[in-house]
1. Could you please find all residues in the range 38-60 being free of Cβ contacts under 8 Å to residues at least 24 places away in the same chain and within 24 Å of Val99 (Cβ to Cβ)?
2. Let me confirm something: among Met95, Met43, which residue is part of a helix (DSSP H, G or I), surrounded by 11 or more Cβ atoms within 10 Å (Cβ to Cβ) and at pLDDT below 95?
3. Looking only at the range 16-27, which residues are assigned to a helix (DSSP H, G or I) and surrounded by 11 or more Cβ atoms within 10 Å (Cβ to Cβ)?
4. Look at Gly18 and say whether it is at pLDDT below 90, on the phi > 0 side of the Ramachandran plot and out of contact with any strand residue (DSSP E or B) (no Cβ under 7 Å at 6 or more places or on another chain).
5. For Lys28, are the conditions met, namely being at pLDDT below 90 and more than 20 Å from Arg101 (Cβ to Cβ)?
6. Pick out the one residue from Val53, Val80 that is in a helix (DSSP H, G or I), touching a Ser or Thr at 6+ places or on another chain (Cβ under 8 Å) and surrounded by 13 or more Cβ atoms within 10 Å (Cβ to Cβ).
7. Only one of Asp74, Asp45 is acidic (Asp, Glu) and in contact with a Gly (Cβ under 8 Å, 6 or more places away or on another chain); which?
8. Which of the residues belonging to the range 54-91 are farther than 24 Å from Lys28 by Cα, β-branched (Val, Ile, Thr) and modelled with pLDDT of 95 or more?
Amino acid sequence: MTAAKSTKNASHGTHQHGYADQKDALSKRLRRIEGQVRGVERMIDEDRYCIDVLTQISAIQAALDKVGLALLEDHARHCVVGGPEELKADRTEEMMAAVARLMRRG
């Protein structure tokens, strides 16, 4: 695992990100997704069958959902539940807004 980085910004203070322990795994997943996206681009360039392209796009969306859910879980555990008491209400509200954005599609 890589060393976790702390960040500082006005609304979140100085802290270690909840995903710090999973950073390598998340990066690996994102590289895999990047490869899938390039594959879809090749499929388009090669005039592949529409349904095959759509199937790959669906797989990419599912993979991105997994990354998003992993980040959300880490945020809930580390930044909300494990965070400073005085920030829990704001962070919960912020997290719920992020959930709403993740669930909206199309």
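The values are calculated or read from the model by the stated rules, or taken from the named source; none is laboratory data. Keep in mind the model is a prediction, meaning the values are calculated, not measured. Using ideal geometry, Cβ is built from the backbone for each residue, glycine included, and neighbour counts are taken over all protein chains shown.
1. Scanning the range 38-60 gives Ile57, Ser58, Ala59.
2. On the way: Met43 fails: at pLDDT below 95.
After ruling out the rest, the residue left standing is Met95.
3. Once the filter is applied, which keeps residues that are assigned to a helix (DSSP H, G or I) and surrounded by 11 or more Cβ atoms within 10 Å (Cβ to Cβ), the range 16-27 yields Ala20, Asp21, Gln22, Lys23, Ala25, Leu26, Ser27.
4. For Gly18, the condition - at pLDDT below 90, on the phi > 0 side of the Ramachandran plot and out of contact with any strand residue (DSSP E or B) (no Cβ under 7 Å at 6 or more places or on another chain) - is not met.
5. no
6. One residue alone meets the criteria, Val80.
7. On inspection, the qualifying residue turns out to be Asp74.
8. The answer is none; no residue qualifies.
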